[in-house]
Amino acid sequence: MSADPTGASSLALIVLAAGAGQRFGGPDKLAVPLAGRAVVHHVLATLDPLRWHQRVLIHRGEPAWCRAFADAGFTLVRNDQPERGMLGSLHLAAQAVQGAERALLCLADMPLITSAHILALLAANREATGQVVASRAGDYRGPPAILPLAAVRTLPPQGEGGARALLAQAVWVDCDPAQVRDIDTPADLLSIQGSCL
């Protein structure tokens, strides 16, 4: 097998897709069509071409869109307690990863992340000395981010904001604020639909 110049093959890939989605209302926001495919399949299309050590999807229920992730080689991990928040999902993912010390964390409801930004994170990770490598855009700080899994395992078992503690000494990779827009409400979806995809 040829060498991997990106460094992706040393990392696990974690996609979190188990949020309750309460602010969106009725339908599963990740299944809603956006520019010809489900919202969640945009992040898959961006990440799939790279050769990851392992691929893990944290989901809730058994949505039809999971099939594409299974076909792309993801380990599917069902989160039966989404009320435990993002930290609960992160711990499930860390438990599922085998043989990697670091992982790229992505959120399934960020459809505008580009391949170029993922490659920039990977490049920064090759130069980092164990720190978190995270995205920065305006006031935003967070995923996509490359995290040491040992640090993830020390976080509280549930909640939404606890992972921010890992960002204190992060290496930042700047990106356009449009890329880190997520879909929490129908208005967010309408706004993103107006973007160039």
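Just a few scattered comments:
- Listed conditions (1) crowded, with 19+ Cβ neighbours inside 10 Å; (2) under 28 Å from PRO157 (Cα atoms) are all met by THR46, apart from (2).
- Pairs with Cβ under 6 Å, 6+ apart, first in region 107-118 and within 22 Å of THR185 (Cα to Cα), second crowded, with 21+ Cβ neighbours inside 10 Å and of a type in the set (Gly, Ala, Ser): ALA108/ALA17
- Considering (1) modelled with pLDDT of 95 or more; (2) more than 13 Å from VAL15 (Cβ to Cβ); (3) part of a loop (DSSP other than H, G, I, E, B), the lone condition that ASP80 does not fulfil carries the number (1).
- Subset of region 132-162 [out of contact with any Gly (no Cβ under 8 Å at 6 or more places or on another chain) and not aliphatic (A, V, I, L, M)]: ARG136, GLY138, ASP139, TYR140, ARG141, GLY142, PRO143, PRO144, ARG153, THR154, GLY161, GLY162
- Taking the criterion of being on the phi < 0 side of the Ramachandran plot and surrounded by fewer than 22 Cβ atoms within 10 Å (Cβ to Cβ), the residues of region 133-144 that qualify are ARG136, ALA137, ASP139, TYR140, ARG141.
- If you go through region 134-184 and pick out every residue that is within 15 Å of the chain's Cα centre (by Cα), more than 20 Å from PRO82 (Cβ to Cβ) and part of a helix (DSSP H, G or I), you end up with 3.
- Subset tally (residues that are assigned to a helix (DSSP H, G or I) and either on the phi > 0 side of the Ramachandran plot or surrounded by fewer than 21 Cβ atoms within 10 Å (Cβ to Cβ) (or both)) for region 107-129: 9
- Region 34-65: number of residues that are in a helix (DSSP H, G or I) and at pLDDT 95 or above: 8
- From ARG67, ARG60, residue being exposed (fewer than 15 other Cβ atoms within 10 Å of the Cβ) and not hydrophobic (A, V, I, L, M, F, W, C): ARG67
- One residue from VAL40, VAL15, VAL97 being in contact (Cβ under 8 Å) with a residue 24 or more places away in the chain, touching a Phe, Trp or Tyr at 6+ places or on another chain (Cβ under 7 Å), within 21 Å of SER135 (Cβ to Cβ) and buried (at least 16 other Cβ atoms within 10 Å of the Cβ): VAL40
- Of all residue pairs spaced 6 or more apart or on separate chains, those with beta-carbon atoms under 8 Å, a first member in region 44-57 that is touching a residue at least 60 places away in the same chain (Cβ under 8 Å) and of a type in the set (Ser, Thr, Tyr) and a second member that is surrounded by 17 or more Cβ atoms within 10 Å (Cβ to Cβ) and part of a helix (DSSP H, G or I) are THR46/ILE118.
- ALA103 satisfies every condition listed in (1) assigned to a helix (DSSP H, G or I); (2) out of contact with any Gly (no Cβ under 7 Å at 6 or more places or on another chain); (3) of a type in the set (A, V, I, L, M, F, W, C); (4) farther than 23 Å from ALA38 by Cα except (1).
The values are calculated or read from the model by the stated rules, or taken from the named source; none is laboratory data. Note that the coordinates shown come from a computational prediction; the quantities given were computed from them, not determined experimentally. Cβ sites come from the backbone with ideal geometry, for glycine too, and all protein chains shown count toward neighbours.
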